[in-house]
1. Give the number of residues within segment 149-182 that are within 30 Å of ARG41 (Cα to Cα) and part of a loop (DSSP other than H, G, I, E, B).
2. List pairs: first residue in segment 82-105 and farther than 25 Å from HIS19 by Cβ, second residue part of a loop (DSSP other than H, G, I, E, B) and among the small types (Gly, Ala, Ser) anywhere in the structure, Cβ distance under 7 angstrom, at least six positions apart or on different chains.
3. Quick check on my filter: what residues within segment 123-144 are out of contact with any Lys or Arg (no Cβ under 9 Å at 6 or more places or on another chain) and outside any helix (DSSP H, G or I)?
4. Could you check segment 53-101 and list, in sequence order, the residues that are buried (at least 22 other Cβ atoms within 10 Å of the Cβ), among the small types (Gly, Ala, Ser) and in a loop (DSSP other than H, G, I, E, B)?
5. Out of everything in segment 30-52 that is more than 19 Å from PHE10 (Cβ to Cβ) and either assigned to a strand (DSSP E or B) or touching a helix residue (DSSP H, G or I) at 6+ places or on another chain (Cβ under 8 Å) (or both), what residue ends up being least open to solvent (accessible area, probe 1.4 Å)?
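The values are calculated or read from the model by the stated rules, or taken from the named source; none is laboratory data. Keep in mind that this is a model prediction, so the values were computed, not measured. Glycine gets a Cβ as well: all are built from the backbone with ideal geometry, and neighbour counts include every protein chain shown. Each accessible area value is taken on the protein alone, full model and side chains, heavy atoms only, with ligands, DNA and RNA left out. Shrake-Rupley method; radii C 1.70, N 1.55, O 1.52, S 1.80 Å.
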Amino acid sequence: MKRRYCKYSFEDTQRAIQHQQRQVGVRILPGTASSTGRSIRVYSEKHRRELWCVILARSSDWYRYNLNTYQHGMEAAIVGTHDSCISVPVLAMDSLEWYEPYKTRFEQSLPPAKDFRLPDNPDKFDRLRRGHYGHCVFVGALIVGRKEAIDRLMRLPERTRFGLEAEVKRLRHRRPGRPLKL
């Protein structure tokens with residue numbers, strides 16, 4: 001049984017973009033799909049230009065495959081669900097919306113921490129951050145250096161903060177091995 005958050009696979013996202021081009025305002029240009037099928041060239045009505053796009057199951061895969069660490073020429077990402085904060089425009093197939101670079105799906109998911117909350121009285125962000133989706137949003141915002149995410153990080157307990165900082169450090173650097181073939 002697939003859960004709501006992880007129900008999209010790469011293949012599901014690939015099929016969704018092929019079948020819902022008209023609804024999202026894009027047109028796949030013929031003959032532009034790569035041999036691996038991981039990248040395509042589309043014409044976006046919103047951006048009024050052609051874009052090289054990488055197809056991912058989730059936008060957090062951008063960091064999982066280390067696409068932030070090497071030059072690949074991708075101008076946008078087409079994802080099943082938008083669960084991170086990345087440096088290119090994102091087309092989320094579950095909501096059929098474009099998101100601007102460095103924006104999260106729910107901008108209120110990274111509110112500034114104005115006052116100190118006690119651990120027994122968590123605010124909405126703390127509850128979201130403790131789930132897998134919220135964790136991916138938070139880590140993505142830390143990787144790109146969003147100020148409100150860094151402020152939140154400094155308010156977390158030391159052990160939690162050190163773990164998150166280690167994860168961000170690992171994801172900022174290219175992993176050994178061959179890069180994802182686009």
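1. Count: 10.
2. Hits for this filter: PRO101/SER87; TYR102/SER87.
3. ARG130, GLY131
4. Residues satisfying the conditions are SER59, SER60, SER84.
5. Just the residues of segment 30-52 that are more than 19 Å from PHE10 (Cβ to Cβ), to begin with: 30-31, 43-50.
Now restrict to residues that are either assigned to a strand (DSSP E or B) or touching a helix residue (DSSP H, G or I) at 6+ places or on another chain (Cβ under 8 Å) (or both): 43-44, 49-50.
On the way: TYR43: 69, SER44: 0, ARG49: 106, GLU50: 83 Å².
Across segment 30-52, the extreme among qualifying residues is SER44.
A quick yes/no check of all residues on (1) touching a helix residue (DSSP H, G or I) at 6+ places or on another chain (Cβ under 9 Å); (2) buried (at least 16 other Cβ atoms within 10 Å of the Cβ); (3) at pLDDT 85 or above:
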{"residue": "GLU107", "(1), (2), (3)": "no, no, no"}
{"residue": "ARG117", "(1), (2), (3)": "yes, no, no"}
{"residue": "ASP120", "(1), (2), (3)": "no, no, no"}
{"residue": "HIS132", "(1), (2), (3)": "no, no, yes"}
{"residue": "GLY145", "(1), (2), (3)": "no, no, yes"}
{"residue": "ARG178", "(1), (2), (3)": "no, no, no"}
